[in-house]
Structures are given as structure tokens and as C-alpha cells.
1. Tell me which residues, restricted to the range 90-108, are in a strand (DSSP E or B), within 19 Å of Arg54 (Cβ to Cβ) and either under 12 Å from the mean Cα position of the chain (by Cα) or not hydroxyl-bearing (Ser, Thr, Tyr) (or both).
2. Please determine whether any residue of the range 60-75 is assigned to a loop (DSSP other than H, G, I, E, B), of a type in the set (Val, Ile, Thr) and within 15 Å of Met1 (Cβ to Cβ).
3. Looking only at residues in the range 79-95 that are at pLDDT below 95 and surrounded by 12 or more Cβ atoms within 10 Å (Cβ to Cβ), which one is nearest to Ala17 (Cα to Cα)?
4. Can you name the condition, by its number, that Arg49 falls short on among (1) more than 25 Å from Gly21 (Cβ to Cβ); (2) out of contact with any Lys or Arg (no Cβ under 9 Å at 6 or more places or on another chain); (3) not polar (S, T, N, Q)?
5. Taking the residues in the range 6-31 that are part of a strand (DSSP E or B) and not aliphatic (A, V, I, L, M) as candidates, determine which candidate is surrounded by the most Cβ atoms within 10 Å (Cβ to Cβ).
6. Select from the range 11-31 the residues that are of a type in the set (A, V, I, L, M, F, W, C) and in contact (Cβ under 8 Å) with a residue 60 or more places away in the chain and list them in ascending order.
7. What pairs come out if I take residues in the range 32-49 that are surrounded by 15 or more Cβ atoms within 10 Å (Cβ to Cβ) and pair them with residues that are part of a helix (DSSP H, G or I) and of a type in the set (Val, Ile, Thr) whose C-beta lies under 7 Å away, six or more apart or interchain?
8. List every residue pair whose Cβ atoms lie under 6 Å apart, where the two residues are 6 or more positions apart in sequence or sit on different chains, the first residue falls within the range 52-64 and is exposed (fewer than 13 other Cβ atoms within 10 Å of the Cβ), and the second residue, located anywhere, is not basic (Lys, Arg).
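The values are calculated or read from the model by the stated rules, or taken from the named source; none is laboratory data. All values derive from a computational prediction rather than experimental measurement. All Cβ positions, even for glycine, are placed from backbone atoms using ideal geometry, and neighbour counts span all protein chains on display.
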Amino acid sequence: MSAVAYKLVDRAEWAAALAAGVYAGSALDRADGFIHMSTAAQLAETARRHYAGRSDLVLVEVALAPLGAALKWEASRGGDLFPHLFAPLPARADAPQRGLSVDADGVMRFEDGAVGWP
């Protein structure tokens, strides 16, 4: 399994999480009972399916080892295993993060000018 995962978060929600020290998840996460994350290989499709047309987002890189038993790898889209966190996510300002928007076609456009995901 991957050592890191990625979470797309509304910028205002992430700012509130940084102030609180934890991210409780989006409305969808809370309704599902866990925080949805994606691996690097899954991220572009997640952005296309769930964030197309959204702006003012932050892509947060999450180190998975510190999450311990609260992290579960579960089958989702096409049987692919996704990292799901069954606890609040510690929100740290030093976590790698990048501002972005996702255009109507689902392409990630980063504030630093990069387009797409490697």
C-alpha cells in the first residue's frame, strides 16, 4: 500500500481545520462515517468525478503510517482499494498542500500553474 494519500478539501474548511488542529471531513465524509482519500494513481479520477467545476480547493498530502488502525483500505470504484480514515484527520500547517481548482472537464489546475496530475 501507499505511504501517502491525498485529500481534496475546500480551502475554507481546511483553514478552519488548521485552526482547530483536526479535520472532521466534508459533509459527504461525515455522512459516510469516514474521510475519503485517494492514492496518487486514483487522484485524477477522484477530482474528475467529484470535484469538477469546483474552485478554491486545497490538495493535502497525508502521511498514512501515523494514522494507525483508524486507516482502512476498502474496495470502491471498480474494486480498487481506497484509503478511508475512520477518525478525524490531524490538520498540520506543515503538511504538503497545494491550492487548485478543478475545471468543468475535471482537470486539476494548480495555483503554481501546473495542470493535471502526474
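1. Going through the range 90-108, the residues in a strand (DSSP E or B) turn out to be 90, 97-102, 108.
With within 19 Å of Arg54 (Cβ to Cβ) added as a condition, the list becomes 97-102, 108.
If the condition is that a residue be in a strand (DSSP E or B), within 19 Å of Arg54 (Cβ to Cβ) and either under 12 Å from the mean Cα position of the chain (by Cα) or not hydroxyl-bearing (Ser, Thr, Tyr) (or both), then Gln97, Arg98, Gly99, Leu100, Val102, Met108 are the ones that fit.
2. Within the range 60-75, the subset assigned to a loop (DSSP other than H, G, I, E, B) is 64.
Next cut, of a type in the set (Val, Ile, Thr) only: none.
Checking the range 60-75: not a single residue is assigned to a loop (DSSP other than H, G, I, E, B), of a type in the set (Val, Ile, Thr) and within 15 Å of Met1 (Cβ to Cβ).
3. Step one: of the range 79-95, the residues at pLDDT below 95 are 79-80, 92-95.
Pick out the ones that are also surrounded by 12 or more Cβ atoms within 10 Å (Cβ to Cβ) and you get 80, 92, 95.
Working: Asp80: 29, Arg92: 9, Ala95: 12 Å.
Within the range 79-95, the match that is nearest to Ala17 (Cα to Cα) is Arg92.
4. (2)
5. Restricting attention to the range 6-31, the residues satisfying the condition of being part of a strand (DSSP E or B) are 6-10, 22-23.
Of the ones still in play, those that are also not aliphatic (A, V, I, L, M) are 6-7, 10, 23.
Working: Tyr6: 23, Lys7: 25, Asp10: 17, Tyr23: 22.
If we take residues in the range 6-31 being part of a strand (DSSP E or B) and not aliphatic (A, V, I, L, M), then Lys7 is surrounded by the most Cβ atoms within 10 Å (Cβ to Cβ).
6. Within the range 11-31, the first condition is being of a type in the set (A, V, I, L, M, F, W, C), and the residues that meet it are 12, 14-20, 22, 24, 27-28, 31.
Residues satisfying the conditions are Trp14, Ala17, Leu18, Ala20, Val22, Ala24.
7. Going by the 7 Å Cβ cut-off, the qualifying pairs are Ser38/Thr46.
8. From residues that are exposed (fewer than 13 other Cβ atoms within 10 Å of the Cβ), the pairs are Gly53/Ala104.
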